[in-house]
Amino acid sequence: MDNSIAIIFASMVSQILLLLASTLFQGVQGTIGVNYGTVANDLPPSPQVAHFLVESTIIDRIRLFDSNPEILQAFAHTGIEVTITVPNDQIPHLTKLSFAEQWVKTNVQAYTPATNIVRILVGNEVLSTANKLFIASLVPAMQTLHTALVAASLDPKIKVSTPHSLGILSSSSPPSTGKFRQGYDTHVFKPLFSFLRSTNAPFLVNPYPYFGYSDDTLDYALFRPNPGVLDENTKLTYTNMLDAQLDAVFSAMKLLGFEDLDIVIAETGWPSEADSAQVGVSPENAAEYNGNLMRHVNSGVGTPLMPNRTFETFIFALFNENLKPGPISERNFGLFRPDMTPVYDIGIMRPTGRSSVPMNPSPYESPGPAVSPIGPSPTSQPVDGKRWCLPKSGVDQDALQRNIDYVCGLGLDCGPIQEGGMCFDPNTVRAHAAYAMNMYYQVMGSYEYDCDFEHSGALTYVDPSYGRCKY
């Protein structure tokens, strides 16, 4: 077979695999994360955003560029995984254990376990700042922060890492030649990777084909069929730019002996609007990139050098941010407008008409009766897909306590919500009722009417498990 025909054939096979993956992952929940930036003056209140993401989208994790207390509080009890960030200017302070312990107390312990904080990022693209103090303090700050998490018994659940742009590479093309900038390789990345390996944390990168494409490589950047790019060293063909960027990072890590570390895509995206002279920017192209991206990273196909892998990925960004400086494109990376209507469709909206999900439930809310579960005829069919039963907003403690008494009185195992049990903390009636009501719903066969509890229960698609407490 002629070499050019073989390359085109390989590209077609890759696209077929991508299409197959898209059908396999249609309707799969929690396949993508988003960067929740707030450089704008027209965004909706964070409790409204949290409710919208849970009820209306399949987005199951967010990355914040700070540790905004209002947002952290708003995402309590949603089950959405939250990544928070230590700003670059606080990195030198974080090398002191007393500062790190206070930071954890203020920004983490004040919100967990209600808010599902799973990762803390120390800075953002620190090497690109060229600030010697920030760079020299980066790994010591991460180590000290981890020590503070260990002292608070939070280290098994909350990992520490730091994201980097592709500017950390001195060589990236072809991907097999990827290597880190001289000096940074031994003085920053070797100790950084040793820390990540010892704490079982991933390495985060921000690959953007958008910033690397030209008119000639637009198809390659957007995951469209294209002739592909051959790496002469490995004889592997690349059919999209993202794979080439990730493999360049992998090659650089392998040179230092750390190819075993997981790679997380902390940021990537495509704007829907740009300056009129810029080719390749439109809502259609943004939808094509982000839609193909979501299917590709979840497909299990992996990359030529990292086959059979999926990649945890955060799309940039949740909203268009109207106060961001720079060209028009910087203000138009959002999946949603400030009124929460999609800028374009990439298949992340839930089908309409699904059961209501409690919005940021609080242990102390006002009345609503509850006794035993009653509802539609027992001929109702079990609900499709995995769901959990939780108390609705607006149900008082007495009603929830009656639900607990009813379920535990049936002889079901309520040990996990008794003192010393895995789900005893937080020690609130609402939290204990959530566990008891869901246990009844699951044991009885997961019929909708088994989560009625005289209209005090609601079904959610988000797993409310936390820590060692499994629902």
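Counting each DSSP H run of 4 or more residues in the chain as -39500 (n - 2.57), what helix-only mean residue ellipticity at 222 nm follows after dividing by all residues, to the nearest 500 deg cm²/dmol?
Per the formula, -9500 deg cm²/dmol.
Evaluate the distance, in nm, between pseudo-label points positioned 7 Å from the Cα of Thr234 and of Lys386 along their respective Cα→Cβ axes.
Spacing of the two 7 Å Cα→Cβ label points: 3.2 nm.
How much FRET efficiency would the formula 1/(1 + (r/R0)^6) give for Lys254 and Ser173, where r is the Cβ-Cβ distance and R0 is 25 Å, rounded to 0.05?
0.95
To the nearest 10 degrees, how steep is helix 397-409 against the longest Cα principal axis of the chain, on a 0 to 90 scale?
It is inclined by approximately 80 degrees.
Provide the FRET efficiency to the nearest 0.05 for the Thr310-Asp425 pair, computing r from the beta carbons and using R0 = 51 Å.
0.95
At 7 Å along Cα-to-Cβ for each site, give me the label-to-label distance between Lys96 and Asn41 in nm.
3.6 nm
May I have the extent of the alpha carbons of the chain along their three principal axes, as whole Å values ordered from largest to smallest?
The Cα atoms of the chain stretch 70, 54, 41 Å along their principal axes.
How large is log10 I(q)/I(0) at q = 0.09, 0.16, 0.20, 0.23 Å⁻¹ when the Debye formula is applied to the Cα atoms of the stretch 22-153, each weighted equally and without solvent?
Listed by q, the Debye log ratios stand at -0.30, -0.86, -1.14, -1.31.
Check the straight Cα-Cα distances from Lys392 and name the aspartates and glutamates below 20 Å, setting aside those fewer than 8 residues away within the same chain.
Counting by Cα, and skipping residues close in sequence, Lys392 has these aspartates and glutamates nearby: Glu55, Glu365, Asp405, Asp425, Glu448, Asp450, Asp452, Glu454, Asp463.
Under the classification rounded if a/c is under 1.5, otherwise prolate if a/b is larger than b/c and oblate if not, where does the stretch 265-326 fall, given a ≥ b ≥ c as square roots of the Cα gyration tensor eigenvalues?
prolate
Direction-averaged shadow area of the convex hull around the Cα atoms of the stretch 306-354, nm²?
5.8 nm²
Expressed as a whole percentage, what fraction of the accessible surface of the chain belongs to carbon and sulfur atoms when a 1.4 Å probe is rolled over the protein heavy atoms?
53 percent
Of the lysine pairs in the stretch 52-201, how many meet both conditions: Cα atoms under 27 Å apart, and a spacing of 8 or more in sequence or different chains?
Total qualifying Lys-Lys pairs in the stretch 52-201 comes to 14.
Using 0.36 nm per residue of separation minus the Cα-Cα distance, give me the extension gain between Ala136 and Ser153 in nm, one decimal.
3.4 nm
Tell me whether the stretch 168-325 comes out rounded, prolate or oblate; compute the Cα gyration tensor, take square roots of the eigenvalues as a ≥ b ≥ c, and use a/c under 1.5 as the rounded threshold.
prolate
Please work out the average accessible area per residue across the chain, using the 1.4 Å probe convention, and give it in Å².
The answer is 43 Å² per residue.
Give me the net charge for the shell around Leu138: Cβ to Cβ below 12 angstrom, other residues only, Lys and Arg +1, Asp and Glu -1.
After counting each charged neighbour, the total is 0.
For the stretch 232-309, rounded, prolate or oblate, judged on the Cα gyration tensor with a ≥ b ≥ c (square roots of eigenvalues), a/c < 1.5 rounded, else prolate if a/b > b/c?
Prolate shape, in that a/c is at least 1.5 and a/b is the bigger ratio.
The values are calculated or read from the model by the stated rules, or taken from the named source; none is laboratory data. The model shown is predicted, which means the values in this text are computed figures rather than measured ones. When we count neighbours, we look across all protein chains shown, and the Cβ atoms used for this are built from the backbone with ideal geometry, even at glycine. The protein model used for the area step is the full one, side chains on, heavy atoms only, and it has no ligands, DNA or RNA in it. Shrake-Rupley method; radii C 1.70, N 1.55, O 1.52, S 1.80 Å.
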